[in-house]
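Reviewing the structure listed below.
The values are calculated or read from the model by the stated rules, or taken from the named source; none is laboratory data. Quick caveat, the model's predicted, so the values are computed rather than measured. Cβ placement follows ideal geometry from the backbone for every residue including glycine, while neighbour counts extend to all protein chains displayed. The protein model used for the area step is the full one, side chains on, heavy atoms only, and it has no ligands, DNA or RNA in it. Shrake-Rupley method; radii C 1.70, N 1.55, O 1.52, S 1.80 Å.
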Amino acid sequence: MGRAGCCYRGAERLASSPSLRPLLLLIVALCYGAHRGHCQVATPQCRIQKCTTDFVSLTSHLTPALDGFDVEFCKALRSYSACTQRTAKSCRGNLVFHSAVLGISDLMTQRNCSRDGPTSSTHPEIQSEPCNYHSRTQYTHPHAHAHPHSHTHTPTRPGYLFCGLFGDPHLRTFKDSFQTCKVEGAWPLIDNDFLSVQVTNVPVVTGSSATATNKITIIFKPFEECTDQRVYQAVTDDLPAAFVDGTVSSGDPNHNVNGNNGDSTGKVRALWISERSPGHHVELHAGYIGVTVIVRQLGRYLTLAVRIPEEMAHAYDATQDLQLCLNGCPTSERIDRGGHLSLPLPLPPPALGLHLQQPHGQGHPSHTAPYSAPQRFSLEGARARCREQLELQDIYFHSCVFDLLTTGDANFTAAAFSALKDMESLHPHRERWRIFPQSSADTSHPITWLLLLTLFALSSALV
């Protein structure tokens with residue numbers, strides 16, 4: 001019946017997530033049928049093509065990183081399933097139809113979607129949820145297709161920015177500039193009209209300017225009728241699953257986060273906290289401003305990853321210009337100068353690592369769990385340890401090696417790995433994920449490699 005209509009734009013973006021690959025297989029099946037001349041989906045009787053077209057239209061604007069993704073995706077799947085049921089009789093024997101049914105079932109299982117619940121309308125009456133940023137911005141500019149009176153709208157996707165901080169500490173700015181800074185004491189990462197994120201860094205080892213984060217304070221500022229001010233604070237050995245006032249969410253308590261509990265509204269709470277691993281991994285979701293924050297404790301120090309809409313990140317005045325995520329570290333606070341890090345050269349092997357300071361000497365709270373003892377890493381030993389979790393030798397790998405050589409604390413390996421995974425989870429542009437040190441020299445000689453190691457904290461990223 002021809003190829004037109006059997007392949008759909010937007011599906012490849014959804015299928016880039018491993019958990020959504022069955023959808024890719026479904027779309028490929030449709031395209032394959034068209035290519036073989038057996039695309040029986042355009043007949044008046046079997047309307048599986050229309051079902052699939054509607055599903056792709058409903059999900060083309062979604063990405064797994066967006067707040068409320070599960071809610072909208074499950075609604076679209078239920079609509080897709082209902083459509084296949086309506087055309088089941090006329091599609092008997094159609095392989096594409098049966099592939100679609102199996103694909104829907106697999107995706108519902110993977111996304112924990114209930115069979116019964118709200119569905120998406122292919123001709124929705126757009127009603128913006130004022131406390132859901134994605135809902136407010138999704139249909140900002142409606143455009144009619146096909147006919148002047150069509151109710152189909154083209155969704156607009158807001159731009160998002162990513163910022164991360166981990167290790168000694170390594171900063172990835174909104175512009176994907178990768179820096180290593182000292183920034184000892186309290187410093188603002190983000191400070192705008194909607195959100196404030198401040199970190200406190202303390203020295204890690206004696207004789208080095210390297211620091212690491214032991215305190216994070218996040219302030220969600222009041223926003224219309226959605227939430228009053230909420231403050232979250234984490235310090236070493238105290239990673240709470242609640243705001244400082246003891247609450248865990250803000251907004252309509254009847255709103256459902258994931259849509260899997262039979263809630264007919266399918267709405268997203270304005271602000272809530274999700275504890276992924278007690279004492280180690282907490283996520284904060286501000287649906288009303290489209291912000292997600294991941295906070296972790298690895299060893300004695302904290303890491304942070306933030307995704308925020310671009311328009312929110314730029315809502316600040318001249319008094320709020322000191323933001324590390326926005327403008328990077330001041331030149332005087334940079335450990336890397338012109339891309340070079342000051343490693344103690346030459347170092348007599350195998351004593352490349354430095355001893356950690358005693359925990360209580362830094363004023364940290366008493367520890368409730370043992371930490372890894374400081375080790376002495378040779379260059380090759382540090383590389384081998386980092387390769388256990390970081391196969392690709394990008395900037396995260398080099399950060400890991402630097403941290404092991406500087407501190408001797410093996411927990412920084414996990415910190416670099418987690419920072420990489422959080423970046424992949426939140427960073428909106430896959431093509432910008434990887435940053436590599438700029439180097440064309442031979443790295444086979446150990447001394448040369450050590451010199452090149454000092455280049456790993458780039459002033460500007462390769463994008």
Evaluate Rg over Rh across region 283-324, taking Cα atoms for both radii and Kirkwood's formula for Rh.
-> 1.07
Relative contact order computed over region 187-241 (Cα-Cα under 8 Å; 6+ residues apart), in percent = 26 percent
Compare the peptides 420-426, 388-394 by average per-residue count of other Cβ atoms within 10 angstrom and give them in order, highest first.
-> 420-426, 388-394
How much accessible area does Arg78 have with a 1.4 Å probe, in Å² rounded to the nearest 10?
-> 10 Å²
Rounded to the nearest 10 Å², what accessible area does Tyr316 show when all protein chains are kept and the probe is 1.4 Å?
-> 80 Å²
